[in-house]
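Reading through the structure tokens given below for one structure.
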Amino acid sequence: MPNKEAFFNYIGIVLQYSLLGLIYYFLSKVIKIIYTDLDRSGQKKLSIGNEGNQSNFHKRANLLVVDSGHIKLSQNSFSLDDITYLGRNEQNGIIIDDSFVSHEHASINKGQQGYLLTDLNSTNKTYLNGQPIVEATLLKNGDLIKIGAVTFSFKG
Amino acid sequence: MINTRQLERNLLVVAGIIMLNGILAVNLAHGVLNYQTLGAVAFIFAGFMAANIVLCKVGHTGDPLFLPLASLLVGIGLIIILRLKPELFMLQVMWVGVGLSAFLISAILAKRLEQIAYFKYICGFIGVGLLLSAILFGVDIGGNKNWIIMGPIRFQPSEFAKIFIVLFLAAYLSERRELLTLATKHYGPFVLPHPRFIAPLIAVWGLGMLMFVLQRDMGAALLYFGLAIIMTYMVSGRSSYVIIGMISFLVGSVICYNLYSHIQLRVDIWLNPWSDPSGGAYQIVQSLFALGSGGIMGSGLTYGFPTMIPEVHTDFIFAAIGEEMGLIGAGAVILLYILMIYRAFRTSLLSLMPFSMMVAAGLAVSMALQTFLIIAGVIKFFPLTGITLPFISYGGSSIVSNFILLGMLFSISEVRGYDAK
């Protein structure tokens, strides 16, 4: 009988270690899935970026509406002219009917290097990627512009 | 490309093998093979596989990691409970079964999550009502005065209240996100949000303080208050809310500390447990001994003495893991939580609707805060708290409510797939 007991003991010890080993095997599998997942979304972004660059020569830049709050905007995407005004007035190129938005809130105009975002002394400021802008700022692809409750993404 | 459900199945099989391995190790150490426990393992494994097959049939394309991560945490919990309190093992197995069906129901029902936003005030009232009921009619079981007994049923309302509170806050905040961001008042150099919009936060603060004083439950108070503050911060992106929240919580805590002796006692135990190691600080001192004697590799399942700690199978289960599975095992458990919370935040970020985004983020924060607070309490990083470790601790309310929470996260992680098509 002592033989059997010793045998059980050995198996017990092996199981104690294999338990921890298996838990880490599981963790490594999960992390591998997460890794490939991140990798794939990274590749997707890269390809979108490339397309953007190629079409840059032909197409005008766009403002995509990311979050419109509860305000009704006329379109989900606005193409930018040489100069585009944003604000509450009817005369603006992009009308944002919100009490937090000034009548003439901001403008985007095409310069030599690209599109420049300017705040037109608005009451509640124009935010670029979360920071209020103080002077005309050059826009990059994917920049987030926030005016009142509305957030646009710049594509160009 | 491998199907997501196939991926989930592979991981579930590994988690099942881990659970079988652990249960066998405990059985062998006791010297007898208990076939009942092996049957229970088969039942749990079959339950998870059945959940996988049902999700496959329904054509659910949710995140394939939630269910396997939960199944491994539940498996570790069952192994530890079998070792600590064999008499509670079968009950816990039953609760996991109930939890799994709750998971499936909530995963399928939460597809219509947007409709819940219409009932946000009802959700808020249910949540606050559950918390208040625990404060007013709470019965003391095992040192925590947060049980409600209704005839044969007894449960911990605070475990369920957090889901309702998250739903209410998500609906309320996502509806008012512009106001919270933009409406400001200037007080000298400070830019503060308009008082009208902080009112609900003040209400949550008051509720937290009430729980703190009457229930002696700092953990739950911090959990709910932290949830409200972090969700407001996520919606508005304004750090002033966090600063106001922290200051008001500190002020409230200091006032309570000076007014009530039982809170002073709690804090004194936390600051210096060695002044009274066999009296008031017995539990935390035993927990520290357990963690210390575990070391890096641990003593091995059944070879430690975690049963010295009172309430080891619920609040202090992490100390038992630390003693018997060592730093390696405890670290793995923390990693599992980190991965789960990461996936929950990822779900939130990938979700398109503001409401479901906030719900996912709120559920992620509640799970993260709860795990952080109880582990911090067990390792004496924080004054002791009376909340459970999600999915691992023994307890029906905890298991079922966490499975419902997971089902909602799972469902939100799918909605995006629909829109992407």
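The values are calculated or read from the model by the stated rules, or taken from the named source; none is laboratory data. Keep in mind it's a predicted model, so treat the numbers as computed, not measured. Just the protein is used for accessible areas: all its heavy atoms, side chains included, with ligands, DNA and RNA removed. Shrake-Rupley method; radii C 1.70, N 1.55, O 1.52, S 1.80 Å.
What is the Cα coordinate range of chain B on the first, second and third principal axes, sorted by size from largest, in whole angstrom?
The Cα atoms of chain B stretch 72, 63, 44 Å along the principal axes, largest first.
Go through B:Lys111/B:Lys162; A:Lys29/B:Lys57; A:Lys29/B:Lys85 and tell me which ones have a Cα-Cα distance over 23 Å in this structure.
A:Lys29/B:Lys57; A:Lys29/B:Lys85
Quote the convex hull volume per residue of chain A, based on C-alpha atoms, as a whole number of Å³.
Here the figure is 181 Å³ per residue.
Skip the ligands, DNA and RNA, and give the accessible area per residue of the protein assembly as shown with a 1.4 Å probe, whole Å².
47
How big is the B/A interface in buried accessible area, both sides summed, 1.4 Å probe, to the nearest 100 Å²?
Buried area between the two chains comes out at roughly 3200 Å².
From the phi angles alone, apply the Karplus equation (6.51, -1.76, 1.60; θ = phi - 60°) to segment B:63-73 and give each ³J(HN,Hα) in whole Hz, x where the residue is Gly or Pro.
Karplus values, whole Hz, x for Gly and Pro: 4, x, 9, 4, 5, x, 4, 5, 5, 5, 4.
When every alpha-carbon pair in segment B:1-79 is counted, what percent end up more than 22 Å apart?
Values: 852 of 3081 pairs.
That tail contains 28 percent of the Cα-Cα pairs.
Please report, as a whole percent, how much of the solvent-accessible surface of chain B comes from carbon and sulfur atoms (probe radius 1.4 Å).
71
For a test of the definition: using alpha carbon positions, the gyration tensor, and the 1.5 limit on a/c, classify segment B:189-328 as rounded, prolate or oblate.
The shape class here is prolate.
Return, for the Cα atoms of the protein assembly as shown, the radius of gyration and Dmax in Å, separated by a comma.
26.8, 97
Using alpha carbons only, how many degrees (0 to 90, rounded to 10) separate the axis of helix A:2-55 from the longest principal axis of chain A?
Taking Cα atoms only, the helix is inclined about 20 degrees.
Taking each pair of distinct Cα atoms in segment B:47-141 once, what is the resulting Kirkwood hydrodynamic radius in Å? Walk me through the intermediate numbers first.
Numbers: mean 1/r = 0.0615 Å⁻¹.
By the Kirkwood definition, the hydrodynamic radius is 16.3 Å.
At a Cα cut-off below 16 Å, give the aspartates and glutamates reachable from A:Lys155, other chains included and same-chain residues fewer than 8 away excluded.
Answer for A:Lys155, where 16 Å is the Cα cut-off: A:Glu51, A:Asp67, A:Asp81, A:Asp82, A:Asp143, listed by chain and number.
Show me, for segment B:131-137, the HN-Hα J-couplings you get by feeding each phi into the Karplus relation (A = 6.51, B = -1.76, C = 1.60, θ = phi - 60°), rounded to Hz, glycine and proline as x.
Taking θ as phi minus 60°, the curve returns 5, 5, 4, 5, 5, 7, 10 Hz for segment B:131-137.
Quickly estimate the mean residue ellipticity at 222 nm for the protein assembly as shown, helices only: each DSSP H run with n ≥ 4 gives -39500 (n - 2.57), and the total goes over all residues, rounded to 500.
-21500 deg cm²/dmol
Considering all alpha-carbon pairs of segment A:60-120, what whole percent are spaced by more than 16 angstrom?
Value for segment A:60-120 (Cα pairs over 16 Å): 44 percent.
Over chain B, calculate the relative contact order: mean separation of alpha carbon pairs under 8 Å at least 6 apart, over the residue count, as a percent.
Dividing the mean separation by the residue count of chain B yields 23 percent.
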